[in-house]
């Protein structure tokens, strides 16, 4: 097959994949994005397909795609350049809340409700649709270093108690990382929406709550708020700020 024809086929395949992942969740929008968290490591040879799918989701306004780098591959030939222990702990918090006895990579958790590998596009689309939060969560608004979580007693009751307010700082750029050792040695992996910090900044118990948010420090980073049942339960609300 001529080179130009192969190139056209690759471009067509990319467009089809992007269109498929662009199908919106049933009730979410830019103000109420579906939270798609990928737990991965640059040392994991199974992770690149899931990373590629997250990259395709990164520009969707109705999806908050977040890439969390875990640490438990760091001793196996390549230390992930973005991994932090608190990200590994978050994955374990989800596992404990879901009564799962282990964690693995890649693993994609949608709205804290549905767990899937993330490498299969069709399965990921199905997970996004099935984990839709509908309209039950509180409203989130931000202004002048403050974030307001609106009323929503029903959401707290459904979640079984007070919720955690998380501040996420992430890098939206496409970051190419040459991998020089381990299972992916010799490859270059491109990441989008890499989480750089995760901070617990308050608790929400159903009444309107105002919390302060510190400046990001790095102007390249973007910020988001997650309101989550406990530490590893469902995401009740989310917003970019």
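The values are calculated or read from the model by the stated rules, or taken from the named source; none is laboratory data. Please read these numbers as outputs of a predicted model, since none were measured by experiment. A quick note on method: Cβ atoms are made from the backbone with ideal geometry, for glycine too, and the neighbour counts reach across all protein chains shown.
Numerical summary
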{"item": "Among (1) part of a loop (DSSP other than H, G, I, E, B); (2) under 13 Å from the mean Cα position of the chain (by Cα); (3) under 16 Å from residue 190 (Cβ atoms) - the single one residue 82 does not satisfy", "result": "(2)"}
{"item": "Output for the stretch 212-226, where each listed residue is modelled with pLDDT of 95 or more, over 11 Å from residue 170 (Cα atoms) and either surrounded by fewer than 17 Cβ atoms within 10 Å (Cβ to Cβ) or touching a helix residue (DSSP H, G or I) at 6+ places or on another chain (Cβ under 9 Å) (or both)", "result": "212"}
{"item": "Filtered residues of the stretch 38-56 (kept if surrounded by fewer than 24 Cβ atoms within 10 Å (Cβ to Cβ) and either in contact with a helix residue (DSSP H, G or I) (Cβ under 9 Å, 6 or more places away or on another chain) or in a loop (DSSP other than H, G, I, E, B) (or both))", "result": "44, 45, 46, 49, 52, 56"}
{"item": "Subset of the stretch 70-85 (residues that are within 27 Å of residue 33 (Cα to Cα) and surrounded by fewer than 14 Cβ atoms within 10 Å (Cβ to Cβ))", "result": "85"}
{"item": "Residues of the stretch 85-113 satisfying the condition of being farther than 17 Å from residue 164 by Cα and free of Cβ contacts under 8 Å to residues at least 60 places away in the same chain", "result": "85, 88, 99, 100, 101, 102, 104"}
{"item": "Any hit, the stretch 169-182, residues being part of a loop (DSSP other than H, G, I, E, B), at pLDDT below 95 and surrounded by fewer than 18 Cβ atoms within 10 Å (Cβ to Cβ)", "result": "no"}
{"item": "Selected residue [buried (at least 19 other Cβ atoms within 10 Å of the Cβ), at pLDDT 95 or above and part of a loop (DSSP other than H, G, I, E, B)] from 112, 101", "result": "112"}
